[in-house]
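Asker: Okay, handing you the structure first.
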Amino acid sequence: MDPREDRPDEQSTGTPPTDDRMIGRTRALMARDIFYEADAEGVVTFVSSAVERYGFDVDAIVGAELLSLIAPEHRERLAGELARTLMTGDEFPSEVPLVAPDGRVHWFEDCAVVIREQGRAVGITGFLRDISARKKSAVHLDHLRAVLDAHRSIGKLVLRTTSPQRLIQGVCDELVRTRSYQNAWIALVSGTGQLRNIAHANVDGDIKLLRSRIESGMPPDCWAEATTASGATSIEDPMEFCVGCPVASHHCGSGAMTVCLQYAGVTYGFLNVSVSARFLANQDETALLTEVADDIAYALHNMEICLL
């Protein structure tokens, strides 16, 4: 009998040779990608030290269930993908959000294959490649598309609306409807700073307190900066900066942007929106909101001319 017949057919079973596995692990320890192995129950049996760059502890991960490290809303999806991979032997390409001990979510592209012994699936092994920057860019692009959608709708409002109150209320509704912003409010003022009209979306009862403060001669602090700025101004933490403002609580966990509604040297009012803080520093973001404000100011100017 040929002695080779007693050897397991490594090629047909898919079992990687032990030496190759060790070489792969060694390379992973020096790579930026995270190399890991998990058994058929989804328990992590090995992870490379690259995971420490994201705030994880190697000793804490080994022995933990892989799904316990994943953002809760994605666990069911990934559990299904893992089960199919173990059953079919197909590769396991997926996008995986891991939650670090400090609560931050890091997105990885997971490229995993099945580990087989004697033709039986005993686990998976793969690499996690950081795609957080790519995911962040995709989220921002979606947000900008929503802003552009709102911008187009506002353009139609400007053309067909002849009432200042209907215009500003329609603008607020559109900015929130497209999910471009979490909330929005607009206040129109006279040349002497007296409140004329106010409209809002998703600000609710606190708008009454805001109106009262403005009518009492206490406008929001953000107005002063917006008046002298050349475009939209940003506030990273409204809860800290906007002390005493009745609507500051609506910005909890997000930033704020304020822009003056100004045309031909005349100030008609102010537009304020709540937006994710990660979008504040983007020039496209401020430029688009400034364009919206310019359209509103131009429309208000034309309405005023028509009344003369």
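Asker: State which residue is modelled with the lowest pLDDT when the search covers only the range 21-52 and only residues that are open to solvent by 50 Å² or more (accessible area, probe 1.4 Å), within 11 Å of residue 125 (Cβ to Cβ) and not in a strand (DSSP E or B).
Answerer: Within the range 21-52, the match that is modelled with the lowest pLDDT is 25.
Asker: Sticking with this one: Being under 25 Å from the mean Cα position of the chain (by Cα) and surrounded by 12 or more Cβ atoms within 10 Å (Cβ to Cβ): is that true of residue 225 here?
Answerer: Criteria not met by residue 225.
Asker: Can you name the number of the only condition in (1) open to solvent by 70 Å² or more (accessible area, probe 1.4 Å); (2) over 24 Å from residue 291 (Cβ atoms); (3) of a type in the set (S, T, N, Q) that residue 249 fails?
Answerer: It fails just one condition, (1).
Asker: Take the range 56-74 and flag every residue that is part of a loop (DSSP other than H, G, I, E, B) and at pLDDT 90 or above.
Answerer: 56, 57, 62, 63, 64 - these are the residues of the range 56-74 that are part of a loop (DSSP other than H, G, I, E, B) and at pLDDT 90 or above.
Asker: Still on this model: May I ask you to verify whether residue 215 is at pLDDT 85 or above, under 30 Å from the mean Cα position of the chain (by Cα) and either surrounded by fewer than 18 Cβ atoms within 10 Å (Cβ to Cβ) or closer than 17 Å to residue 171 by Cα (or both)?
Answerer: Considered against the rule, which asks whether it is at pLDDT 85 or above, under 30 Å from the mean Cα position of the chain (by Cα) and either surrounded by fewer than 18 Cβ atoms within 10 Å (Cβ to Cβ) or closer than 17 Å to residue 171 by Cα (or both), residue 215 comes out as no.
Asker: For the range 188-195, does any single residue satisfy the condition of being over 19 Å from residue 297 (Cα atoms), touching a helix residue (DSSP H, G or I) at 6+ places or on another chain (Cβ under 6 Å) and buried (at least 16 other Cβ atoms within 10 Å of the Cβ)?
Answerer: no
Asker: Among the residues that make up the range 53-68, is at least one of them open to solvent by less than 60 Å² (accessible area, probe 1.4 Å), out of contact with any strand residue (DSSP E or B) (no Cβ under 7 Å at 6 or more places or on another chain) and among the hydroxyl-bearing types (Ser, Thr, Tyr)?
Answerer: So far as the range 53-68 goes, no, none of its residues is open to solvent by less than 60 Å² (accessible area, probe 1.4 Å), out of contact with any strand residue (DSSP E or B) (no Cβ under 7 Å at 6 or more places or on another chain) and among the hydroxyl-bearing types (Ser, Thr, Tyr).
Asker: Step by step: first the residues of the range 103-159, then only those that are part of a strand (DSSP E or B) and within 20 Å of the chain's Cα centre (by Cα), then the one that is farthest from residue 48 (Cα to Cα). Which residue is that?
Answerer: Filtering first and then ranking leaves 105.
The values are calculated or read from the model by the stated rules, or taken from the named source; none is laboratory data. Computed from a prediction, not measured in an experiment: that's the story for all the values here. Methodologically, a virtual Cβ is constructed for each residue, glycine included, from the backbone with ideal geometry; neighbour enumeration extends over all protein chains shown. Surface accessibility is based on the protein's heavy atoms, side chains included, excluding ligands, DNA and RNA. Shrake-Rupley method; radii C 1.70, N 1.55, O 1.52, S 1.80 Å.
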